[in-house]
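Okay, so here's the structure we're looking at.
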Amino acid sequence: MEKGSLVERVHELLIKSRKAVRLYTSMGKGSQASDSQIAEWRDANQTLVRELTDLLASPQTKTVGPGLYRIREIFLSSWKDSEDELKKRHFELTRAAENGDYIKSSLLAQELVVLKARTQASQAAAHEVGQIIEKSKVPAPPIQLVSEVKPGGKVIEFPKRAVG
């Protein structure tokens, strides 16, 4: 695809994300759990808006493709980290409930609400950016070798995607 359509798709996602931020900001007060969920979704969209705005501010259209991969990686990483923490906290909640520690269970349940919302928001943002990459057939950034020096002077090279 031509670069113009890629930039147009990124701009459309930026507009969509700005609308989402306005929606989540304007939502009325609900329960503490729903406010926490709304805050996570708003934060994810604010991050997406900021990253897309920075990406589109670059005068070089060649950086849009690699920039999209970098943004997607940010949200994939957040998704994975949140999901890992979610599993850990879920285990702790189960253990606390089995032990009859209901105050700790209640606090962990509130944390789980936030973590679940963060996981879902990160997953959704990564998916949106991934859709643009897929529809526009943006080539993956080249793989670079990263050297790591191990104790004893051994140099080990690992393949790593060049991002941003």
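The values are calculated or read from the model by the stated rules, or taken from the named source; none is laboratory data. Predicted model, so just to flag it, every value in this text is computed and none were measured. Every residue, glycine among them, receives a Cβ derived from its backbone with ideal geometry; neighbour counts consider all protein chains shown.
Which one of the conditions (1) modelled with pLDDT under 95; (2) over 29 Å from Ser17 (Cβ atoms) does Gln110 fail to meet, given that it meets all the rest?
The number of the failed condition is (2).
When you go through Ala117, Ala96, Ala126, Ala109 one by one, which is the residue that is assigned to a helix (DSSP H, G or I), of a type in the set (A, V, I, L, M) and closer than 26 Å to Glu8 by Cα? Talk me through it step by step, then tell me what you get.
Values: Ala117 fails: closer than 26 Å to Glu8 by Cα; Ala96 fails: closer than 26 Å to Glu8 by Cα; Ala109 fails: closer than 26 Å to Glu8 by Cα.
After ruling out the rest, the residue left standing is Ala126.
Which residue, of Glu51, Glu73, Glu83, is surrounded by 19 or more Cβ atoms within 10 Å (Cβ to Cβ) and within 14 Å of the chain's Cα centre (by Cα)?
Of the residues listed, the single one that is surrounded by 19 or more Cβ atoms within 10 Å (Cβ to Cβ) and within 14 Å of the chain's Cα centre (by Cα) is Glu51.
Name the residues in region 52-93 that are in contact with a helix residue (DSSP H, G or I) (Cβ under 8 Å, 6 or more places away or on another chain) and outside any helix (DSSP H, G or I), would you?
Result: Ser58, single match.
I need a count of the residues in region 1-15 that are within 15 Å of Leu55 (Cβ to Cβ) and at pLDDT 80 or above.
Residues in region 1-15 being within 15 Å of Leu55 (Cβ to Cβ) and at pLDDT 80 or above: 10 in total.
Among the residues of region 90-106, is any buried (at least 18 other Cβ atoms within 10 Å of the Cβ) and under 16 Å from the mean Cα position of the chain (by Cα)?
no
Considering only residues of region 63-95 that are free of Cβ contacts under 8 Å to residues at least 40 places away in the same chain and of a type in the set (Lys, Arg), which is nearest to Ala124 (Cα to Cα)?
For region 63-95, the residue satisfying everything is Lys80.
Please work out which one of (1) modelled with pLDDT of 90 or more; (2) farther than 20 Å from Gly130 by Cα is the condition Ser34 fails and give its number.
Ser34 satisfies every listed condition except (1).
Taking Ser122 and the conditions (1) on the phi > 0 side of the Ramachandran plot; (2) of a type outside the set (Lys, Arg); (3) at pLDDT 95 or above, which numbered condition does it fall short on, given that it satisfies the others?
Unmet condition: (1).
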